[in-house]
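What follows is a set of notes on a single structure, which appears directly below.
The numbers here are math on the coordinates, done by the rules we state, and not lab data. Just so you know, these numbers come straight off a predicted model, no measurement behind them.
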Amino acid sequence: TGNWGGKIYRSADEGGTWSLINPQMSVKYIWSLGVDGDYIYAGTEQGLYVSSDNGKNWKLAFGNNIEIRSIFVKDNKVYAATWGGGVYYSEDNGTTWKNINDNLLGIPFTSIVVTDKGTIILGSFDSGIYRSTDGGK
């Protein structure tokens, strides 16, 4: 779980005890988290951070000073919805990123979900809900 103090905690006993796993990360907000095997993704006000070793080490993977409000991990893809900076995805654990659609710039997104059929659904702060059935084209 992440919090407004910029810290991420993990429990190995169904919430009985918690351990801090990102002491070296200096961010103010953990807006969202995504997990895929040993990879953990954290959306923050400074960008998207990734750990490839189950939370031991972290690096900024995308969006230097771009606020990542929502993350969704599905079928080896990581999706990142930003607060006004567009929507992006990575197919290589956050090494490279592609913009889904330039028409989405300026929209403050707060959530992203990808259905089993591949439909991308985005929720925004003040601009409604967006849906794409063609991968964001």
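Summary table
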{"quantity": "Estimated translational D of region 78-137 in µm²/s (Stokes, Kirkwood radius over Cα pairs; 25 °C; 0.890 mPa s)", "calculated": "213 µm²/s"}
{"quantity": "Violating pairs (Cα-Cα greater than 29 angstrom) within the set LYS7/LYS74; LYS56/LYS117; LYS28/LYS56", "calculated": "LYS56/LYS117"}
{"quantity": "Debye intensity ratio I(q)/I(0), log10, the chain, q values 0.10, 0.11 Å⁻¹ (C-alpha model)", "calculated": "-0.31, -0.37"}
{"quantity": "Rotationally averaged projected area of region 1-51 (alpha carbon convex hull; nm²)", "calculated": "3.5 nm²"}
{"quantity": "Measure of compaction for region 37-109 (Cα Rg per 2.2 N^0.38 Å)", "calculated": "1.02"}
